[in-house]
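The structure appears below as structure tokens.
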Amino acid sequence: MADIFLNNLFLIIAALIMAIYLFLGIISMFQLIDYKRANRYTEFNALLSSPLAPGVTVIAPAYNESKTIVDNIKALFTIQYNNYEIILVNDGSTDDTLNRIIQEFDLVETEYIAYAALPTQPVKGIYKSRNQAYSFLTVVDKQNGGKADALNAGINVSHFPYFVAIDVDSIVIPDALQKLVKPFLSHTDNKTIATGGVIRIANSCKIENGQVVQVNVPDEYIARFQVVEYLRAFLMGRMAWSKLNGLLIISGALGMFDKDIVVQCGGYNSNTVGEDMELVVRMRRYLYEQGVKHKVEYIPDPLCWTEVPATHDALQRQRNRWTRGNMDTLKMHRKLFFNPKYGRLGMLGYPFWLFFEWLAPLVEAGGYVFMLFLLMTSMINWPVFLFLLLFVYLFSVSFSFYAVLFDEFTFHRYHRFAHLRKLFIIPFIEPIVYHPLNVYWAIRGNISFLKGNRKWDKLERQGFSNTASE
């Protein structure tokens with residue numbers, strides 16, 4: 001009886017997971033179609049000359065980025081917007097990152113005014129350029145405190161009502177700010193407090209003057225898996241949660257925020273490795289408690305390109321950190337769980353993240369153990385097992401295939417047939433090779449969290465190349 005009960009339980013769980021993801025995929029499809037239709041005739045460049053365009057601060061923390069920091073900053077100069085500033089925060093680098101910036105941009109130390117009072121590690125100096133061409137660049141030099149602490153330091157000296165948090169080595173497309181700021185200007189009952197956009201993978205792409213000039217599928221298979229994974233997560237996941245107003249996270253690589261709300265909530269939390277997700281959840285929780293209608297908007301346009309881990313070791317450390325950050329946020333804000341006071345955030349967003357982002361890998365791992373037990377005891381029902389295995393596999397392949405296909409029909413970033421051929425192979429091998437690794441890394445992340453690991457584990461990136469792969 002026990003084996004029949006567990007068989008039925010795992011069958012019900014699998015069917016429920018597939019039904020929910022199918023539901024999210026359908027919502028995403030219609031939402032993306034609506035977005036493309038609504039913005040087909042939108043003239044984003046009008047924001048460049050409009051006196052009503054709000055000021056935006058771009059904040060980029062940097063730690064030991066000496067090899068690429070000058071190119072990273074110059075890439076930010078390609079942003080096209082009417083009224084913005086760049087704040088580079090040197091977070092206690094132990095190499096010559098600061099000296100490289102000072103020499104390249106002719107910086108001198110200057111006095112500054114703190115416009116916010118978020119707690120941070122001590123600031124050692126503020127630098128501005130003597131060259132008028134770089135007047136919109138400010139460099140903050142501070143003691144090391146981590147990414148969250150560096151972002152808070154940037155917020156403290158920012159001038160404008162909105163800020164964009166980015167990774168310094170991300171490649172932001174020139175009109176990203178125009179598209180990110182648009183939802184803040186929409187007059188609706190729901191106040192926009194944050195916006196995020198699609199993050200694309202720049203591994204093996206051709207980069208010139210801080211911009212992607214030729215898109216390529218990554219050479220490494222482990223990076224190709226992440227291309228499909230990102231398409232599913234952004235186009236098939238966050239698009240739907242934005243529509244449902246249950247979005248819990250804005251990617252740390254690129255996100256725009258209402259500075260006043262962030263400051264009222266106390267800024268980024270330096271005591272968690274999931275500071276991007278935790279801030280969004282805390283902002284939303286705060287506004288629900290204040291009775292303020294609000295939303296977190298998602299932009300399906302590819303607004304940012306970033307380098308992803310290309311080795312097994314680097315990727316497992318990243319996923320370990322993601323798991324620990326998720327668990328930290330869920331634990332801190334457990335009051336939201338099925339709490340109608342917090343609207344769809346409490347009734348839909350938080351429970352989904354708890355059950356399907358955190359618990360699902362644990363349940364799946366338990367399923368593997370149970371299957372092994374049935375095999376060892378010859379109790380396995382082969383017709384049911386093979387049917388369930390084939391059904392889950394085909395659903396996974398179809399969902400990933402659909403994500404790639406839908407991206408191709410909407411944004412068409414991969415122009416060559418060889419690129420699509422490489423991507424369309426991935427959904428067939430991902431469930432067998434890549435997905436089990438993610439389950440394993442999630443288990444290790446849970447163990448690390450329970451052991452009290454709060455280490456960031458900074459990834460060593462290979463850097464962008466100016467030569468394209470064929």
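Each reported figure results from applying straightforward, stated rules to the coordinates on display, with no laboratory input. Just so we're clear, the structure is a prediction, and the values are computed from it rather than from any experiment. Counting neighbours? That spans all protein chains shown, and the Cβs are built from the backbone with ideal geometry, glycine included.
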When only DSSP loop residues count, what chymotrypsin sites (Phe, Trp or Tyr not before Pro) in the range 73-130 have their Cβ near at most 14 other Cβ atoms within 10 Å? PHE77, TYR115
The farthest towards the positive end of the charge dipole of the range 350-469, of the residues TRP456, PHE401, PRO427, given +1 on Cβ of Lys and Arg and -1 on Cβ of Asp and Glu, is TRP456
So for the chain, averaging the separation of alpha carbon pairs under 8 Å that are six or more residues apart and normalising by length, what relative contact order in percent results? 18 percent
Around LEU180 (Cβ within 13 Å, Cβ-to-Cβ, excluding LEU180; K/R +1, D/E -1) the net charge comes to -2
Counted charge near LYS293, where neighbours are those whose Cβ lies closer than 15 Å (Asp, Glu -1; Lys, Arg +1): +2
Cβ charges +1 (Lys, Arg) and -1 (Asp, Glu), total dipole of the range 81-147, debye: 140 debye
Convert each backbone phi in the range 140-157 into a coupling constant with the Karplus relation 6.51 cos²θ - 1.76 cosθ + 1.60 (shift: θ = phi - 60°), then list the ³J(HN,Hα) values in order as whole Hz, x for Gly and Pro. 9, 10, 9, 5, 5, x, x, 4, 4, 5, 5, 5, 4, 5, x, 4, 4, 9
In the range 160-285, what is the volume of the convex hull around the alpha carbon atoms, normalised per residue and reported in Å³? 130 Å³
Filter the trypsin sites (Lys or Arg not before Pro) in the range 176-211 down to the DSSP loop ones having no more than 13 other Cβ atoms within 10 Å, then list what survives. none
Taking Cα atoms, how many degrees apart are the long axis of helix 176-185 and the longest axis of the chain, rounded to 10 and kept between 0 and 90? 80 degrees
Under a Cβ-only charge scheme (Lys and Arg +1, Asp and Glu -1), can you give me the dipole magnitude of the range 259-304 about the Cα centre, in debye to the nearest 20? 220 debye
Relative contact order for the range 258-327: what is it in percent, counting Cα pairs under 8 Å that are at least 6 residues apart? 39 percent
Could you tell me how many degrees, from 0 to 90 and to the nearest 10, lie between the Cα long axis of helix 221-231 and the main elongation axis, the longest principal axis, of the Cα atoms of the chain? 80 degrees
Put +1 on the Cβ of every Lys and Arg and -1 on every Asp and Glu Cβ in the chain; which of VAL369, THR120, THR323 then has its Cα farthest towards the positive end of the dipole? VAL369
Amide H to amide H under 5 Å from VAL58: which residues, 5+ apart in sequence or cross-chain, H placed 1.01 Å off N in plane? GLU85, ILE86, ILE87, VAL164
As I understand it, the dipole of the chain uses +1 on the Cβ of Lys and Arg and -1 on the Cβ of Asp and Glu, about the Cα centre. Which of PHE77, CYS205, TYR440 lies farthest toward its positive end? TYR440
For the chain, find the longest principal axis of its Cα atoms and tell me its angle to the long axis of helix 382-410, 0 to 90°, nearest 10. 30 degrees
Please list, by residue number, every one of the GluC sites (Glu not before Pro) in the range 100-206 that is coil in DSSP and has at most 11 other beta-carbon atoms within 10 Å. GLU111
Using the beta-carbon distance between ILE113 and PHE385 and R0 = 56 Å, what value does 1/(1 + (r/R0)^6) give for FRET efficiency, to the nearest 0.05? 0.25
Using unit Cβ charges (K, R positive; D, E negative) and no other charged atoms, how large, in debye to the nearest 20, is the dipole of the chain about its Cα centre? 1040 debye
Which listed pairs, of LYS128/LYS191; LYS74/LYS295; LYS179/LYS206; LYS67/LYS259; LYS36/LYS295; LYS124/LYS455, have C-alpha distances above 26 Å, in listed order: LYS128/LYS191; LYS74/LYS295; LYS67/LYS259
Let me have the relative contact order for the range 226-348, percent, based on Cα pairs under 8 Å that are six or more residues apart. 32 percent
Exposure proxy check: ILE207, ILE249 ranked by fewest other beta carbons within 10 Å? ILE207, ILE249
Between SER378 and ASN453, what is the FRET efficiency for a Förster distance of 35 Å, r being their Cβ-Cβ separation, to the nearest 0.05? 0.30
Rounded to the nearest 5, what % of DSSP beta bridges with both residues in the chain are antiparallel? 45 percent
Lys and Arg at +1, Asp and Glu at -1: neighbours of ALA153 with Cβ under 9 Å from its Cβ sum to -1
Global form of the range 299-439, assessed from the alpha-carbon gyration tensor, a/c cut-off 1.5: oblate
With no solvent and one equal point scatterer placed on each C-alpha of the range 371-454, evaluate the Debye formula and give log10 I(q)/I(0) for q = 0.10, 0.12, 0.23, 0.26 Å⁻¹, two decimals. -0.45, -0.60, -1.07, -1.17
The range 133-217 shape via C-alpha gyration tensor axes, a/c threshold 1.5: oblate
